[in-house]
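Worksheet for the structure shown next.
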Amino acid sequence: MRRNSFLILTFLAGTALFSVSEIGVSAQVPNAKKALKQLAKAQAEAKKAEDAKKAQADAKKAEEAKRTTAAKKKSDSDDELAPLKPALIGGKKDTTAVAKFIDDQIAAKLAAEKMTASPTCTDEEFLRRTYVDISGVIPTAEQAKAFLADKTPGKRAKLIDDLLASPNFGQHQADIWMGLLVQRTSDSRRVDFGSLRTWLAEEFNANKSWDVIATDIVTATGEQEKNPAVGFYLSNNTVDKMTDELCKSFLGVQLQCAQCHDHKFNDWKQTEYWAMAQFFMKVQVAGLGKDAKPTVDEKPVVRRNKMNALPESAKMVEPKFLQGPSPSIGLKDPARPTLAKWMTGPTNPFFARAMVNRVWGELFGRGIVNPVDDMVGQNLPSHPEMLTGLAADFAANAFDVKHLVRSVCNSSAYQRSSKSTAGNEKAGPQLYATMAVKVLSPEQLFDSLAVVTKFDAKAGGPAARDKMVKGFAPAARDRFVNFFLAGAEMVSLTEYEAGIPQALKLMNSRQTAGGNPQAVRAVVGSSRGAEAIEKIYLATLSRFPTDAEKARLGEYVSKASLSQDGLADVLWAVLNSSEFTLNR
């Protein structure tokens, strides 16, 4: 009995690495208990000393590895941040050469990792993918049917060209850049940014070079009604916000972490942050109040108030380009033109790389450097030579955005299937062995629903006063987008982040055809049976239904009391399916 008690004691003590029988414990409980405690204590101390010695050795080893890795990463990072040398890939705007360059770079990495690439996607997948990625909306049933029936060899390249020439290209780019440049805050709640969206769409559709667009935004001055580009400053009306958003959007750098202290993970210093911020110290934003004219100006002396106060961390230092020289600027001279000239220069180490990486991220679901707006320090590119080569070609081609998009979309890498195959099931997304499955953005989802159901995207009328937000009430599209953003500034390209409220809205909205006979008629017209189901699939999923889908859904519709009700159910189900809300 006593021996069993000691066994239990040993088990409960947890520190003794032996059993009672191994030390020949006698039946006298007090002596055995004392011996057990002393031996357990001695072994615990010995183990503690051994652990400390091992921890010290591991720490030394980890520090040496850290220094080695840091040295390599710094070397790689320094190379990436070297001045860019503009150079054409092939000839001037040589789409074929650039596409081949992309494929060669990705194929080399796949070979090094002993991974295989998935095959080329089907015409149905390519059609819907390019429409959503380039124009921001799915094709109509008629467009889908015409493309799938086309047997000409170069139809994919032609579709890319047609989409780039469509007004929807500029609208989609405007959606992307409005999300980056404009943050709705309490200060700007009364400002209508619609003119900025229109201006951006027009600039992208006219294929205005990216350096010119960026310069016009950075140097924007005057009244909003005369110069919509000032909207950037109306949204980011303090020096720190201007600095943060410019560095993130145009340079691909998260510099805001150095506002209050030196960056803990990158090499950014607090003085570097405020040296960049000096370029905005003369910017004066006015007219954000009720019934005022929003205006941006650059003055030698700026009056500070609660709307544009400097944070406590502010430092008065000489203006200096990020990791570059300090320019000479007169006290009364505007500083932003000098900043814009440096920023958009063809040799700038950040500018071309940042735009190439962002466009790549929009098309592939992740950047060559990912996240796309954190391009330095320990966040290295998956394909450094490809990033530098594409940036050099982008700069050499006068920052032609359409040429960049056209080249990437014509690559085999972009036209790859999203389904894994034998040999690449475990391939990481950074290898691009398959195309990522992307989630439709709130804007893409709304516009695609509008195309299917013939919903008036401008429903709700122009912006008007709203007592709830004491500002401008957005139209139906903006309300939908804000609801699906659910307070977030941006949405993930590859993670479905919509929750139950968003799912319920889709299921119960008249826009998704639930109880909306007009929407059903807009899709199927006077068609019935298999033909009607085919039209639903072409209008929503840009493909024909399979034989199994046709048979099963046909049987369901035939059992409905009214054929129109059965077709309405089918349309509702497809619009609420994952296949509709995802871009494969």
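Observations
- Wholly within the range 235-345, helices (runs of 4 or more DSSP H) carrying at least 3 residues that are among the hydrophobic types (A, V, I, L, M, F, W, C) and open to solvent by 40 Å² or more (accessible area, probe 1.4 Å): none
- For the residues Ala560, Ala519, Ala548, Ala530, the requirement of being under 27 Å from Ser441 (Cα atoms) and either in the same structural domain as Ser448 (by TED's automatic domain parsing) or of a type in the set (A, V, I, L, M, F, W, C) (or both) singles out Ala519.
- Asp211 being out of contact with any helix residue (DSSP H, G or I) (no Cβ under 7 Å at 6 or more places or on another chain), in a helix (DSSP H, G or I) and open to solvent by less than 60 Å² (accessible area, probe 1.4 Å): yes
- Applying the set (1) open to solvent by 10 Å² or more (accessible area, probe 1.4 Å); (2) not in a helix (DSSP H, G or I) to Ile368 leaves exactly one unmet item: (1).
- Of the residues making up the range 176-189, none is open to solvent by 40 Å² or more (accessible area, probe 1.4 Å), in a helix (DSSP H, G or I), under 26 Å from Ser407 (Cα atoms) and in contact with a helix residue (DSSP H, G or I) (Cβ under 9 Å, 6 or more places away or on another chain).
- Ala398 vs. criteria over 30 Å from Asp123 (Cα atoms) and within 19 Å of the chain's Cα centre (by Cα): no
- Lone unmet requirement of (1) surrounded by 15 or more Cβ atoms within 10 Å (Cβ to Cβ); (2) modelled with pLDDT of 90 or more for Asp478: (2)
- Test: residue in the range 353-365 that is open to solvent by 20 Å² or more (accessible area, probe 1.4 Å), assigned to a loop (DSSP other than H, G, I, E, B) and farther than 16 Å from Gly428 by Cβ: no
- Any hit, the range 426-435, residues being crowded, with 19+ Cβ neighbours inside 10 Å, among the β-branched types (Val, Ile, Thr) and in contact with a strand residue (DSSP E or B) (Cβ under 7 Å, 6 or more places away or on another chain): yes
- Pairing residues of the range 405-427 that are on the phi > 0 side of the Ramachandran plot with residues that are crowded, with 20+ Cβ neighbours inside 10 Å and assigned to a loop (DSSP other than H, G, I, E, B), at Cβ distances under 9 Å and at least 6 apart in sequence or on separate chains, gives Gly423/Ala117; Gly423/Ala433.
- Contact map, the range 184-200: residues that are under 22 Å from Ala486 (Cβ atoms) paired with residues that are of a type in the set (Asp, Glu) and surrounded by 16 or more Cβ atoms within 10 Å (Cβ to Cβ), Cβ distance under 8 Å, separation 6+ or inter-chain. Pairs shown: Arg197/Asp175.
- Set Asp150, Asp133: member being among the acidic types (Asp, Glu) and surrounded by 16 or more Cβ atoms within 10 Å (Cβ to Cβ): Asp133
- Residues in the range 220-234 that are assigned to a loop (DSSP other than H, G, I, E, B) and either buried (at least 19 other Cβ atoms within 10 Å of the Cβ) or outside the structural domain of Gly252 (by TED's automatic domain parsing) (or both): Ala220, Gln224.
- Of all residues in the range 556-584 being assigned to a loop (DSSP other than H, G, I, E, B) and in contact (Cβ under 8 Å) with a residue 40 or more places away in the chain, the one that is least open to solvent (accessible area, probe 1.4 Å): Asn576
- Val451 vs. criteria touching a residue at least 24 places away in the same chain (Cβ under 8 Å), open to solvent by 10 Å² or more (accessible area, probe 1.4 Å) and not small (Gly, Ala, Ser): yes
- For the range 543-555, taking the residues that are basic (Lys, Arg) and free of Cβ contacts under 8 Å to residues at least 24 places away in the same chain, the one that is nearest to Val524 (Cα to Cα) is identified as Lys550.
- For the range 394-425, a tally of residues being open to solvent by less than 20 Å² (accessible area, probe 1.4 Å) and at pLDDT 95 or above returns 16.
- Scan of the range 496-555 for residues that are open to solvent by 70 Å² or more (accessible area, probe 1.4 Å), of a type in the set (S, T, N, Q) and at pLDDT 85 or above, ordered by number: Ser526
The values are calculated or read from the model by the stated rules, or taken from the named source; none is laboratory data. Being a predicted model, the structure only gives us computed values, none of them experimental. All Cβ positions, glycine included, derive from the backbone under ideal geometry; neighbour counts span all protein chains shown. Heavy atoms of the whole protein, side chains included, go into the accessibility calculation; ligands, DNA and RNA do not. Shrake-Rupley method; radii C 1.70, N 1.55, O 1.52, S 1.80 Å.
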